[in-house]
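Everything on this sheet refers to the single structure shown next.
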Amino acid sequence: MSRPPGCAVILFLIMFPPAWAASDAERLYADHCAECHGSDRLGGMGPALLPENLHRLKREKAVQVIRRGRPATQMPAFEDRLNEQDIEALTEYIYKPLPQVPEWNRMHAEATRKVFVAREDLPGKPLHDADPMNLFVVVELGDHHITILDGDRFEPLARFPTHFAVHGGPKFSPDGRFVYVSSRDGWIEKFDLWSLKKVAEVRAGINTRNLAVSADGRHVMVGNYLPHSLVVLDAADLRPLRVIPARSSHGRSSRISAVYAAPPRGSFIAALKDIPEVWEISWESPPPPGFGGWQHDYRETSGDAKDSEPFPVRRIPVAGYLDDFFFDPEYIHLIGASRDGGAQVIDLDTGRRVAELELDGMPHLGSGITWEWKGRRILATPNLRKPEITVIDMENWKTVARIPTLGPGFFMRSHENSRYAWADVFFGPNRDAVHIIDKQTLEIVKTLRPAPGKTAAHVEFDKDGTHALLSIWDMDGAVIVYDARTLKEIKRLPMVKPSGKYNVHNKITRSEGTSH
Ligand code: DHE
């Protein structure tokens, strides 16, 4: 049967796309996408856009995302700027393999490493008179800086430039002296909070998610979107010790969603974005009794750390992909949610699923907190797609309350000494509102609007829970200090789009009111 001539033309165009087609998509990408996703598609403020990283996103969905934006991210809608043909061309473009995805192995990372202050030159005591346990590290996203804030006087002690787009919580050494910060472009930086100096930096990946610090303070674990890997650093000087490729036993590779430290277990727990597995990686040497029976993946590691060194991987198969994690205070249960919906509880000892949760509003679980309520521990989490705080009983995993809010929220915070939990409304017309919830009645008792029209989000308490610090996410923004009991404003510190803030004491004591 002869083919109609139109078909032949289409076939020809597919096999030999005209130069203008490619350059059009390239130009569209450069004009609309490169600023956030990188001119090379390797990621920036937004994730890397390569076929290797888009496994889970169907093309029709990608078209939708470009057209309408992605909820709960900085990805805007382009339907008012691009026509359907442009959107199709861009979709085609981001699924095209790069001629070569740059390699980033241990040697590449090591070549970027700089040590600014040698261990022997670090002072033996703090060189300032602020309480080192009550310092805050404030991330100023607007101009890529961190500010170290005295948590008693609420005055800045130092301000450092950082690499591009710090994301996720900076993590502290167990004694609270050092802080480790990770940027979306893969850089890890270490600062000394006693001498107020930058100690070292290294680029551990191309597109990085976050980092975790082992409870013995010896290692930093970095989770990457690109390459698909976990990287172990020496916490002292950020020397890369080992790269653990994120691959399933069938050889499929995966982005790392996030990595957390689980101190009572002596391990890191990693969420894999493209493989239905959770990984537990022991930092103990030798691994604890019982660990030997679990699956080790020494052969999958590379670098010059000897095989006798720690970091064996235990794979825990799970139903579905888990993008977001939360743990109970004992680190026995992992509560995992998927961006596609649904949440489950996994017993980390047995590796079995023990409950499904009624969480369909895409909770940002990492932002949830727990407290005692009527003699039992409850978990409360905001939802990125639903105007609701969901409250769950951690004994039977049933929903005990749904607190309606003025819009979907990102962060929720409290402190052991405070009767209130603070929850922001990050999205929609009420994003300048912050709800204050009574932790016993589970009711909103007050809604603050500290800077009308500007996003108010992310709260952190000081060491003893008497003050709450709130960010105004604006280039002409501020950190506002509140009396946590009277809810009255005490001070407003000008800052450049401050995002998260992190109190040394609350983080290292793993306060129930904050993230870890
Ligand atoms: Fe975050 C923490 C994932 C978008 C600000 N965010 C985290 C963590 C994860 C995560 C897994 C916990 C890591 C940690 O602290 O070690 N964030 C994601 C996403 O998947 C999402 C939705 C899409 C993305 O772009 O990656 C996302 N996050 C954002 C933002 O758009 C925010 C509001 C602005 C920004 O910086 O990009 C944002 N995320 C934050 C902050 C924390 C965070 C401030 C730390 C909160 C804390 O108190 O610990």
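A few points about this structure:
- Looking only at the range 314-330, and only at residues there that are under 17 Å from residue 282 (Cβ atoms) and not aliphatic (A, V, I, L, M), the one that is nearest to the ligand (Cβ to nearest atom): 327
- Taking the range 405-460 as the range and being within 14 Å of the ligand (Cβ to nearest atom) and of a type in the set (A, V, I, L, M) as the test, the residues that pass are 412, 421, 423, 425, 456, 457, 459.
- Answer residue from the range 246-266, given it is at pLDDT below 95 and assigned to a strand (DSSP E or B) and is nearest to residue 51 (Cα to Cα) among those: 253
- Within the range 239-253, the residues that satisfy the criterion of being touching a Lys or Arg at 6+ places or on another chain (Cβ under 6 Å) and either surrounded by 24 or more Cβ atoms within 10 Å (Cβ to Cβ) or of a type in the set (A, V, I, L, M) (or both) are 240, 243.
- Out of 224, 210, sole residue that is within 15 Å of the ligand (Cβ to nearest atom), in a strand (DSSP E or B) and in contact with a Lys or Arg (Cβ under 8 Å, 6 or more places away or on another chain): 224
- When restricted to residues that are over 18 Å from residue 274 (Cβ atoms) and in contact (Cβ under 8 Å) with a residue 60 or more places away in the chain, the range 216-230 contains 4.
- Pairs with Cβ under 9 Å, 6+ apart, first in the range 351-370 and within 16 Å of the ligand (Cβ to nearest atom), second acidic (Asp, Glu) and modelled with pLDDT of 85 or more: 361/388; 369/512; 370/328; 370/512
- For the range 179-195, a residue qualifies if it is touching a Gly at 6+ places or on another chain (Cβ under 8 Å) and either buried (at least 23 other Cβ atoms within 10 Å of the Cβ) or over 27 Å from residue 227 (Cβ atoms) (or both), and the qualifying residues are 182, 184, 186, 193.
- Selection within the range 224-245 - within 18 Å of the chain's Cα centre (by Cα) and under 19 Å from residue 214 (Cβ atoms): 224, 229, 230, 231, 232
- For the range 346-353, the count of residues that are of a type in the set (S, T, N, Q) and either at pLDDT below 90 or closer than 27 Å to residue 425 by Cβ (or both) is zero.
- Filter result for residue 343 (within 25 Å of residue 57 (Cβ to Cβ) and surrounded by fewer than 19 Cβ atoms within 10 Å (Cβ to Cβ)): no
- Filter result for residue 185 (over 21 Å from the mean Cα position of the chain (by Cα) and either under 25 Å from residue 282 (Cβ atoms) or acidic (Asp, Glu) (or both)): no
- All of (1) under 29 Å from residue 37 (Cα atoms); (2) within 16 Å of the ligand (Cβ to nearest atom); (3) in contact with a His (Cβ under 9 Å, 6 or more places away or on another chain) hold for residue 151 with one exception: (1).
Let's see how each residue does on (1) buried (at least 18 other Cβ atoms within 10 Å of the Cβ); (2) of a type outside the set (Lys, Arg); (3) within 16 Å of the ligand (Cβ to nearest atom):
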| site | (1), (2), (3) |
| --- | --- |
| 29 | yes, yes, no |
| 33 | yes, yes, yes |
| 75 | yes, yes, yes |
| 99 | no, yes, no |
| 109 | yes, yes, no |
| 112 | no, yes, no |
| 123 | no, yes, no |
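- Scan of the range 83-110 for residues that are aliphatic (A, V, I, L, M) and touching a strand residue (DSSP E or B) at 6+ places or on another chain (Cβ under 8 Å), ordered by number: 101, 109
- Positions within the range 346-365 being part of a strand (DSSP E or B) and surrounded by fewer than 21 Cβ atoms within 10 Å (Cβ to Cβ), in sequence order: 347, 352, 353, 354, 355, 356
- Given (1) buried (at least 18 other Cβ atoms within 10 Å of the Cβ); (2) away from the ligand (no atom under 16 Å from the Cβ); (3) in a strand (DSSP E or B), index of the condition residue 159 fails: (1)
- When residues of the range 41-73 are limited to those that are of a type in the set (D, E, K, R) and in contact (Cβ under 8 Å) with a residue 60 or more places away in the chain, the one surrounded by the fewest Cβ atoms within 10 Å (Cβ to Cβ): 56
- Candidates 181, 213, 222: the one that is more than 22 Å from residue 511 (Cβ to Cβ) and hydrophobic (A, V, I, L, M, F, W, C) is 222.
The values are calculated or read from the model by the stated rules, or taken from the named source; none is laboratory data. The structure displayed is predicted, hence computed values, not measured ones. We place every Cβ from the backbone using ideal geometry, glycine too, and count neighbours over all the protein chains shown.
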